1. Exactly one of (1) modelled with pLDDT of 85 or more; (2) of a type outside the set (A, V, I, L, M, F, W, C); (3) surrounded by 10 or more Cβ atoms within 10 Å (Cβ to Cβ) is unmet by Arg83. Its number?
2. When you look at Ala56, is it under 25 Å from Pro3 (Cβ atoms), aliphatic (A, V, I, L, M), out of contact with any Leu (no Cβ under 6 Å at 6 or more places or on another chain) and not in a loop (DSSP other than H, G, I, E, B), yes or no?
3. For residues in segment 2-11 being outside any helix (DSSP H, G or I) and without any contact (Cβ under 8 Å) to a residue 24 or more places away in the chain, which is farthest from Leu63 (Cα to Cα)?
4. Return the residue satisfying two criteria in turn: it lies in segment 62-80 and is touching a residue at least 40 places away in the same chain (Cβ under 8 Å) and either part of a loop (DSSP other than H, G, I, E, B) or out of contact with any Ser or Thr (no Cβ under 9 Å at 6 or more places or on another chain) (or both), and of such residues it is surrounded by the fewest Cβ atoms within 10 Å (Cβ to Cβ).
Amino acid sequence: MDPDKDVEIAVEDGLLTVRAERTEETKEKHRTEFRYGTFARSVRLPAGAQDDEATAEYEDGVLTITVPVPTPKAGTRTIPVRRT
């Protein structure tokens with residue numbers, strides 16, 4: 001699979017969509033074989049995901065998609081007591 005030609009990654013309205021299509025043709029003396037298949041998955045991104053900073057890497061047959069999500073601030077905060 002060639003990620004440049006066969007894989008499409010899109011982010012729209014907080015939804016990450018990955019589509020891929022594989023086609024392969026084998027020709028021998030008296031026969032020809034075709035193998036093909038499509039794949040599509042959509043994942044809702046968490047609130048606050050920075051979809052404009054999403055990256056994708058393909059290495060050794062593994063596609064890694066990274067979308068930064070800021071660390072949420074805790075609802076409570078511990079205040080240290082100072083001695084004077």
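The values are calculated or read from the model by the stated rules, or taken from the named source; none is laboratory data. No experiment lies behind these values; they were computed from the predicted model shown. When we count neighbours, we look across all protein chains shown, and the Cβ atoms used for this are built from the backbone with ideal geometry, even at glycine.
1. (3)
2. Working: under 25 Å from Pro3 (Cβ atoms): yes; aliphatic (A, V, I, L, M): yes; out of contact with any Leu (no Cβ under 6 Å at 6 or more places or on another chain): yes; not in a loop (DSSP other than H, G, I, E, B): yes.
When the stated conditions are applied, Ala56 passes them.
3. From segment 2-11, those outside any helix (DSSP H, G or I) are 2, 7-11; that's our starting set.
If we keep only those that are without any contact (Cβ under 8 Å) to a residue 24 or more places away in the chain too, we end up with 2, 8, 10.
On the way: Asp2: 11, Glu8: 11, Ala10: 14 Å.
Looking at residues that are outside any helix (DSSP H, G or I) and without any contact (Cβ under 8 Å) to a residue 24 or more places away in the chain, I get Ala10.
4. Within segment 62-80, the subset touching a residue at least 40 places away in the same chain (Cβ under 8 Å) is 63, 65, 67.
Narrowing the set further to residues that are either part of a loop (DSSP other than H, G, I, E, B) or out of contact with any Ser or Thr (no Cβ under 9 Å at 6 or more places or on another chain) (or both) leaves 63, 67.
Numbers: Leu63: 14, Val67: 17.
Among residues in segment 62-80 that are touching a residue at least 40 places away in the same chain (Cβ under 8 Å) and either part of a loop (DSSP other than H, G, I, E, B) or out of contact with any Ser or Thr (no Cβ under 9 Å at 6 or more places or on another chain) (or both), the one surrounded by the fewest Cβ atoms within 10 Å (Cβ to Cβ) is Leu63.
Residue by residue, here is whether (1) out of contact with any Lys or Arg (no Cβ under 8 Å at 6 or more places or on another chain); (2) modelled with pLDDT under 85; (3) surrounded by 12 or more Cβ atoms within 10 Å (Cβ to Cβ) holds:
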{"residue": "Pro3", "(1), (2), (3)": "yes, yes, yes"}
{"residue": "Val7", "(1), (2), (3)": "no, no, yes"}
{"residue": "Asp13", "(1), (2), (3)": "yes, no, no"}
{"residue": "Arg22", "(1), (2), (3)": "no, yes, yes"}
{"residue": "Ala40", "(1), (2), (3)": "no, no, no"}
